[in-house]
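None of the figures in this text is laboratory data; all of them are computed from the coordinates on show. Quick caveat: nothing in here was measured; it's all calculated off a predicted structure. Cβ placement follows ideal geometry from the backbone for every residue including glycine, while neighbour counts extend to all protein chains displayed.
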Amino acid sequence: MSSFAPGRFARKILKQDAVHEFTLPELPYTYDALEPYIDSETMNIHHSRHHAGYTDKFNAAVKEAGITGKNAKEILSEVSQYPDTIRNNGGGYFNHKLFWRVLSPNGGVKPEEELLTAINGTFSSFENFKNEFSQAAITLFGSGWAWLILSEGKLKVTTTRNQDSPVMDIAEVKGTPLLMIDVWEHAYYLKYQNRRAEYVDAFWNIVNWEFVSKKYSRILQG
Ligand code: MN3
């Protein structure tokens with residue numbers, strides 16, 4: 001019966017959820033938009049289960065730790081003070097949020113001029129940069145991420161294990177993330193199985209260079 005109005009109950013539950021500070025961001029494209037490079041089912045599970053799971057657990061851990069009034073980056077920048085649930089789930093929440101935005105079905109071929117010049121200056125050529133980043137991603141043992149970061153004014157390729165992030169105070173190489181790839185098996189296994197190198201190769205077709213380049217320019221402007 002329509003007069004039962006189940007919507008009112010649903011809204012009540014949503015209101016309680018609002019005490020959670022961090023929310024799963026919507027993807028800026030549909031689950032199948034990155035086909036054939038990343039398949040629809042992988043994107044769906046990765047976003048609606050994995051990222052959603054990190055987000056929920058991060059909220060619970062933040063509540064448990066009594067942290068208030070801080071954004072995710074601020075929390076991660078002092079993550080050594082908190083339990084590992086914050087490190088693992090906060091990293092998972094934060095890293096995936098970045099990752100979705102550096103991907104695009106209309107990925108560009110190259111960065112815009114300012115970033116391209118910096119990449120050429122640091123890595124000799126754009127091809128060399130791609131090779132170094134790909135090798136870092138392919139050779140990282142186990143689960144983790146490969147990154148292009150800006151670290152003390154310099155571009156660097158680095159990797160982190162599990163859900164660690166270069167913005168964390170415990171990171172070996174700290175910096176501001178520009179481009180990253182998730183090399184957890186959940187990011188590619190359905191389509192590529194154990195062929196991580198093929199997934200990394202496919203990744204270059206869907207990099208949102210416009211977004212990454214603009215982020216770089218924004219950081220330079222301070
Ligand atoms: Mn992932």
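Across the stretch 51-79, what is the total count of residues that are under 23 Å from residue 178 (Cα atoms) and either free of Cβ contacts under 8 Å to residues at least 24 places away in the same chain or among the hydroxyl-bearing types (Ser, Thr, Tyr) (or both)?
7
Out of the residues in the stretch 182-206 that are among the β-branched types (Val, Ile, Thr) and away from the ligand (no atom under 13 Å from the Cβ), which is nearest to residue 130 (Cα to Cα)?
Only one residue fits best here, namely 200.
When you go through (1) part of a helix (DSSP H, G or I); (2) more than 16 Å from the ligand (Cβ to nearest atom); (3) of a type outside the set (Gly, Ala, Ser) one by one for residue 58, which number turns out not to apply?
The number of the failed condition is (2).
Within the stretch 175-222, track down each residue that is free of Cβ contacts under 8 Å to residues at least 24 places away in the same chain and over 28 Å from residue 45 (Cα atoms).
218, 221, 222
For the stretch 26-48: of the residues being in a helix (DSSP H, G or I) and touching a His at 6+ places or on another chain (Cβ under 9 Å), which is nearest to the ligand (Cβ to nearest atom)?
Ranking the candidates gives 46 first.
Would you mind finding the one in 128, 44, 71, 106 that is among the polar types (S, T, N, Q) and surrounded by 14 or more Cβ atoms within 10 Å (Cβ to Cβ)?
44
State all residues of the stretch 78-101 that are more than 16 Å from the ligand (Cβ to nearest atom) and buried (at least 18 other Cβ atoms within 10 Å of the Cβ); if no residue qualifies, say none.
Scanning the stretch 78-101 gives 79, 86.
Give the stretch 136-164 a look and list any residue that's among the aliphatic types (A, V, I, L, M), touching a helix residue (DSSP H, G or I) at 6+ places or on another chain (Cβ under 7 Å) and surrounded by fewer than 22 Cβ atoms within 10 Å (Cβ to Cβ), or say none.
Residues satisfying the conditions are 138, 150, 155, 157.
I'm trying to understand the selection: among the residues of the stretch 165-176, which are surrounded by fewer than 13 Cβ atoms within 10 Å (Cβ to Cβ) and more than 13 Å from residue 86 (Cβ to Cβ)?
Within the stretch 165-176, 172 is the sole residue that qualifies.
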